[in-house]
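Every number in this text was worked out from the coordinates using simple rules, so none of it is lab data. Everything quoted here is computed from the prediction, not taken from an experiment. Every residue, glycine among them, receives a Cβ derived from its backbone with ideal geometry; neighbour counts consider all protein chains shown.
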Amino acid sequence: MAVDTSPAMDPAAGAKGDRGRGGRVHKAGTPPPRRIRNALARHWYAWAMVAPVVLVIGLIIGYPLVRGVYLSLTDANEANVERTIGINHIPATYQTVGLDNFRAILEDQVFWDRLSWTVTWTVSCVALTFAIGLGLAVLLNRRFAGRTLYRSLLILPWAVPAFVSVFAWRLLYNEKNGILNKVLHGGGIDAVPWLNDPTMAKVSVIAVNIWLGVPFMLVALLGGLQSIPGELYEAAEMDGASPWQRFRHITLPGLRSVSSTVILLSTIWTFNMFPVIFLLTRGGPGDSTEILVTYAYRLSFVNSPRDFAGASAWGVLILLILMLFAVIYRRSLRKQGEVW
């Protein structure tokens, strides 16, 4: 009788080999299109819910971004873009110039002056906003009479539209009839040119942006404080830790994850804070308070002829700077043990 000496396949081993993570059986050699169809068939409801959001983001953000990058590589301006005048349709005549726009910007001292002030403006606003927001959050995290009322009043600047707050501050800063100068005049102090002196204008716009940014910091940090277990403070107090030691070794480490997120968001928002600068000083006096984003706006909508290619190149550089900052910031957090 003949004996079959061929190696027998273990069914259990074969079944185990075909199983992937989670115990699912995967057929070897399944083409990618079939896997995609299976995923769509299994998760069709999730895809249907996400699709409108993806479409809206693509139309509102994706298309302008791609269009801006394309224009930054051309010499498009008001005189050579496609336009219609009456019944006459004039086709576009601009051409691709490669990286010439970026080279011209980086070789111009105007860019570096604007970048220097933008970085100063951003660092000052974010640092002071975080410090004030943290101080108020620590105070409002304690129990005292009227705490709810104080919380509501401090959040009020965040509830008011930014342009309304800026116009209100512009009235306060008025050199002749503003409330601030009237108060100073009552104390025998001469009127201060809040928006007409370069140095005072910089101080003024920083103060307004802090006014607008503190409520966000307050709410975020207050939520982080309330997530820290109270037993840690009780144990530290029983061990004889001073208030500063409790703040340094319990409060700050407990707020690290929240602080990293709000600092990143606040930096991006402040770097691109168009309403405060444009509505309060319009970049003046002269160009002392002009930041990168307001200068890009000026090139595209104010100057004549309007330089669409130059403004797009400035916008792309702003995006690259913020992306570089986000990458460096994220890596520094990961080195400190943050998983974000």
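Connecting C-alpha atoms closer than 10 Å in a GNM of the chain, tell me which of I328, I85, I105 has the biggest fluctuation.
Maximum among the listed residues: I85.
Taking Cα pairs under 8 Å and at least six residues apart, what relative contact order does the chain come out at, in percent?
About 23 percent, as a whole number.
Using unit Cβ charges (K, R positive; D, E negative) and no other charged atoms, how large, in debye to the nearest 20, is the dipole of region 187-318 about its Cα centre?
Its charge dipole is roughly 360 debye.
Tell me whether region 72-163 comes out rounded, prolate or oblate; compute the Cα gyration tensor, take square roots of the eigenvalues as a ≥ b ≥ c, and use a/c under 1.5 as the rounded threshold.
oblate
Which distance in nm do the two modelled labels at L59 and Y329 give, with both placed 7 Å along the Cα-to-Cβ direction?
In this crude spin-label approximation the distance works out to 3.1 nm.
Using Cα-only point scatterers and the Debye equation, what is log10 of I(q)/I(0) for region 285-340 at each q in 0.14, 0.31 Å⁻¹, rounded to two decimals?
-0.53, -1.11
Compute the convex hull volume of the Cα atoms of the chain, divide it by the residue count, and report the result per residue in Å³ as a whole number.
Output value, Cα hull per residue: 329 Å³.
Could you tell me what a quarter of the Cα convex hull surface of region 245-340 works out to, in nm² with one decimal place?
For region 245-340, the mean projected area of the Cα convex hull comes to 8.3 nm².
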